Amino acid sequence: MDRIQSAIAKARAARQGDAPTGRARAADPGTGLGAIAEAWNAMPSVTLDPKRLRAGRMVAYHGGQEAAPFDMMRTKLVYQLRERGWTRVAITSPGSGSGKTTTCLNLAFSLARQPELRVMALELDLQRPSMTGLLGLGSGHRFASVLEGMRRPEDELLRVGPNLAIGVTSERVAHSSELLASSRTGAEIDAIEDRFRPDVMLFDMPPVLVGDDTLAFADQVDCALIIAEAEQSTVSEIDRAGEILAEHVQILGVVLNKCRFSESGTGYSHGD
Ligand SMILES: Nc1ncnc2c1ncn2[C@@H]1O[C@H](COP(=O)(O)OP(=O)(O)OP(=O)(O)O)[C@@H](O)[C@H]1O
Ligand SMILES: [Mg+2]
């Protein structure tokens, strides 16, 4: 636990220091509430299968005791974002399989149980997309096409309930790093934010130490949350991932996932 605490202290120091925030904020074009509601209503809505969600560890969809760690994370996140006027959060990790996608979706479900929030979860792990499988959405989805300027956001975003939108991609996308680094991607994300006005945009990213996709996209987000895997992610890996990211983006904290001995028994422990 000491090692994790030291990683957290480093992340906190990086955040409180003068690390760059990455992106300049877009000017407010004054989108009216009616236009925002219309834009959300125009998205196709999907109904998720509770059995499928349970099998994929989507415990925060319905709330309750199992959702408690995500609800805690949600509340801390909302405070931090509001305090700083931020909306965009990258969810990443040092290596693969630490629980990024599970955390991203559960956090999105937890946030969306607050009806006054508009929430987006966008899958940008384009090398290993897994959300369609976890959510039971089948094939043929390609949110990446919106970033390429080939499809409109309302053609690819899916609405879950009134206030959660997800953008998923069924198949691996070639040249994902170049796509994520492109100015078109930045412009498309800005356009989505202007039109749909989400309070929170969660980006499910690839691991930092495996490729440059997350780094390529870092200047598009306000902050990053690092998901470390208990007994798998080493402190030097967490440090390295934190150092790489902190040059470009503020680090919000480290979440220790898959703890066998977490206080709540849920496998999650919060670093911030
Ligand atoms: N708290 C947890 N306890 C036990 N298993 C978990 C926990 N969180 C996630 N998992 C499991 O770990 C596996 C990897 O999770 P997930 O796909 O969310 O990780 P990831 O970091 O997104 O992986 P990748 O790097 O491949 O995208 C899944 O089988 C998931 O169900
Ligand atoms: Mg994943």
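The values are calculated or read from the model by the stated rules, or taken from the named source; none is laboratory data. Keep in mind the model is a prediction, meaning the values are calculated, not measured. Because the Cβ atoms are built from the backbone with ideal geometry, glycine has one as well, and the counts that use them run over all protein chains shown.
Scan the stretch 60-70 and tell me whether some residue there is part of a loop (DSSP other than H, G, I, E, B) and closer than 20 Å to VAL254 by Cβ.
yes
Which of the residues spanning the stretch 240-253 are more than 18 Å from GLY99 (Cα to Cα) and assigned to a helix (DSSP H, G or I)?
ARG240, GLU243, ILE244, LEU245, ALA246
Scan the stretch 125-179 residue by residue and report those that are away from ligand 2 (no atom under 16 Å from the Cβ), of a type in the set (Asp, Glu) and crowded, with 21+ Cβ neighbours inside 10 Å.
GLU156
Only one of these is within 27 Å of LEU126 (Cα to Cα) and either modelled with pLDDT of 95 or more or surrounded by 15 or more Cβ atoms within 10 Å (Cβ to Cβ) (or both): ARG15, ARG57, ARG84, ARG25. Name it.
On the way: ARG15 fails: within 27 Å of LEU126 (Cα to Cα); ARG84 fails: within 27 Å of LEU126 (Cα to Cα); ARG25 fails: either modelled with pLDDT of 95 or more or surrounded by 15 or more Cβ atoms within 10 Å (Cβ to Cβ) (or both).
Step by step, each of ARG15, ARG57, ARG84, ARG25 is checked, and only ARG57 is within 27 Å of LEU126 (Cα to Cα) and either modelled with pLDDT of 95 or more or surrounded by 15 or more Cβ atoms within 10 Å (Cβ to Cβ) (or both).
Give just the number: which of (1) in contact with a Leu (Cβ under 8 Å, 6 or more places away or on another chain); (2) within 16 Å of ligand 2 (Cβ to nearest atom); (3) within 21 Å of VAL221 (Cα to Cα) does ASN106 not satisfy?
Of everything listed in (1) in contact with a Leu (Cβ under 8 Å, 6 or more places away or on another chain); (2) within 16 Å of ligand 2 (Cβ to nearest atom); (3) within 21 Å of VAL221 (Cα to Cα), ASN106 misses just condition (1).
If I go through the stretch 228-257 residue by residue, how many of them are within 12 Å of ligand 1 (Cβ to nearest atom) and farther than 24 Å from ILE189 by Cβ?
The qualifying residues number 8.
State whether one or more residues within the stretch 100-119 are buried (at least 24 other Cβ atoms within 10 Å of the Cβ), under 13 Å from the mean Cα position of the chain (by Cα), of a type outside the set (S, T, N, Q) and not in a helix (DSSP H, G or I).
Checked the stretch 100-119: at least one residue is buried (at least 24 other Cβ atoms within 10 Å of the Cβ), under 13 Å from the mean Cα position of the chain (by Cα), of a type outside the set (S, T, N, Q) and not in a helix (DSSP H, G or I).
Between a first residue in the stretch 74-100 that is without any contact (Cβ under 8 Å) to a residue 12 or more places away in the chain and a second residue that is more than 11 Å from ligand 2 (Cβ to nearest atom) and β-branched (Val, Ile, Thr), which pairs have beta carbons less than 9 Å apart while being 6 or more apart in sequence or on different chains?
none
Quick check on the stretch 75-131: of everything there that is charged (D, E, K, R) and within 16 Å of ligand 1 (Cβ to nearest atom), which residue is farthest from ALA230 (Cα to Cα)? Spell out the reasoning first.
So in the stretch 75-131, the residues charged (D, E, K, R) come out as 76, 82-84, 88, 100, 113, 116, 118, 123, 125, 128.
Adding the requirement that they be within 16 Å of ligand 1 (Cβ to nearest atom) leaves 100, 123, 125, 128.
Working: LYS100: 13, GLU123: 24, ASP125: 22, ARG128: 22 Å.
For the stretch 75-131, the residue satisfying everything is GLU123.
Within the stretch 189-227, count every residue that is within 12 Å of ligand 1 (Cβ to nearest atom), of a type in the set (A, V, I, L, M) and surrounded by fewer than 18 Cβ atoms within 10 Å (Cβ to Cβ).
Residues flagged as within 12 Å of ligand 1 (Cβ to nearest atom), of a type in the set (A, V, I, L, M) and surrounded by fewer than 18 Cβ atoms within 10 Å (Cβ to Cβ) within the stretch 189-227 amount to 2.
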